[in-house]
């Protein structure tokens, strides 16, 4: 499915409790505010295999900001930096470091999406606005969500350009091979103490989502730390937002560490799907992406826990890929170390072999691995 399909599709219902009054067709793009967009684009191209798509800057008449757009299959990242001192983007970078500002959602009707959400209590970010050029028009609107994160609704059925008005095609000589990433599976938000239910209610009441699954501190805990999480999803299951909050533990949890260094709530990680996690992770590791590791003992009894799988265990063990099973099938997953200077955002690679869950059986091993990294940073 292309991001420029002009009409809603009859998408299967994965979460029948969701009201789905918007509706949402998928993730249009994710915009990160970064200190150096040119270098960030090179990183996502070289290390992750994203392809150059579009550019906005001084050459296109943008005097205040520069943006590079990179894409891999259905995943689109917009990397934006300020071109001068002061202003909202500089403040965002100063407060949070590089991080996700916008989760843009693809819709049929951006004006309707704005009306439906704001009349249910969403704080407006941008009223419906039409942007046009010789390739057609795009309608944008937006609302605030947790921290300084925003959702922008993108209506692009009448647009045939490379990305949206104001951007020019970007076709540099250098293009790295892709790494097999296909689409965003889910995006996780970290919020403060006792804020998880508030934001789950926001997605339920304001955006028509329903809770897909929940984990408490008995599910996600180690000897030292704990957290709680609920997964909110729209009806067709294309948009899934787990929301995490800290829980009481003996030491500082990864959520507390994130909130300390990010200076508030924000996007903790982006989970991207692949059809062959062994090939993808091998390529990423060869390009310098660093992953969390679990003890070799994890693999001694993993097949007793998850049962038969299609893959050979040896390459999964060599790469540190985790395995879990639910009633629908199994999944394979691995998590990078933080990809930014601050210990904030990271990326998950996931391959679903029928499973609809999020790897509950791996939580203990994963979180102990994160704690080892926290101990190395002196923040546990």
Qualifying positions in the stretch 212-237 - surrounded by fewer than 20 Cβ atoms within 10 Å (Cβ to Cβ) and either out of contact with any strand residue (DSSP E or B) (no Cβ under 7 Å at 6 or more places or on another chain) or at pLDDT 90 or above (or both):
218, 219, 222, 223, 224, 237
Is it the case, given these coordinates, that residue 288 is assigned by TED's automatic domain parsing to the domain that holds residue 232, over 22 Å from residue 178 (Cα atoms) and either at pLDDT 95 or above or under 22 Å from the mean Cα position of the chain (by Cα) (or both)?
no
Confirm whether residue 274 is in contact with a helix residue (DSSP H, G or I) (Cβ under 7 Å, 6 or more places away or on another chain), over 20 Å from residue 371 (Cα atoms) and either surrounded by fewer than 21 Cβ atoms within 10 Å (Cβ to Cβ) or modelled with pLDDT under 95 (or both).
no
When residue 253 is evaluated against the numbered criteria (1) modelled with pLDDT of 95 or more; (2) surrounded by 23 or more Cβ atoms within 10 Å (Cβ to Cβ); (3) closer than 23 Å to residue 98 by Cα, which criterion, by number, is the only one it fails?
(1)
Could you tell me which residue of the stretch 246-277 is farthest from the chain's Cα centre (by Cα), considering only residues that are without any contact (Cβ under 8 Å) to a residue 40 or more places away in the chain and in a loop (DSSP other than H, G, I, E, B)?
250
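Residue-wise test of (1) at pLDDT 95 or above; (2) outside the structural domain of residue 272 (by TED's automatic domain parsing); (3) over 27 Å from the mean Cα position of the chain (by Cα); (4) surrounded by 14 or more Cβ atoms within 10 Å (Cβ to Cβ).
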| residue | (1), (2), (3), (4) |
| --- | --- |
| 297 | no, no, yes, no |
| 305 | no, no, yes, no |
| 311 | yes, no, no, yes |
| 314 | yes, no, yes, no |
| 332 | yes, no, no, yes |
Considering (1) in contact with a strand residue (DSSP E or B) (Cβ under 6 Å, 6 or more places away or on another chain); (2) more than 30 Å from residue 174 (Cα to Cα), say which one residue 69 fails and leave the rest.
(2)
Matching residues, the stretch 35-68, being more than 30 Å from residue 112 (Cα to Cα), in contact (Cβ under 8 Å) with a residue 40 or more places away in the chain and crowded, with 23+ Cβ neighbours inside 10 Å
37, 48, 50
Residue list for the stretch 308-345, filter: closer than 27 Å to residue 262 by Cβ and in a loop (DSSP other than H, G, I, E, B)
320, 337, 338, 339, 340, 341, 342, 343, 344, 345
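The values are calculated or read from the model by the stated rules, or taken from the named source; none is laboratory data. What you see is a predicted model; the values in this text were computed from it and never measured. Glycine gets a Cβ as well: all are built from the backbone with ideal geometry, and neighbour counts include every protein chain shown.
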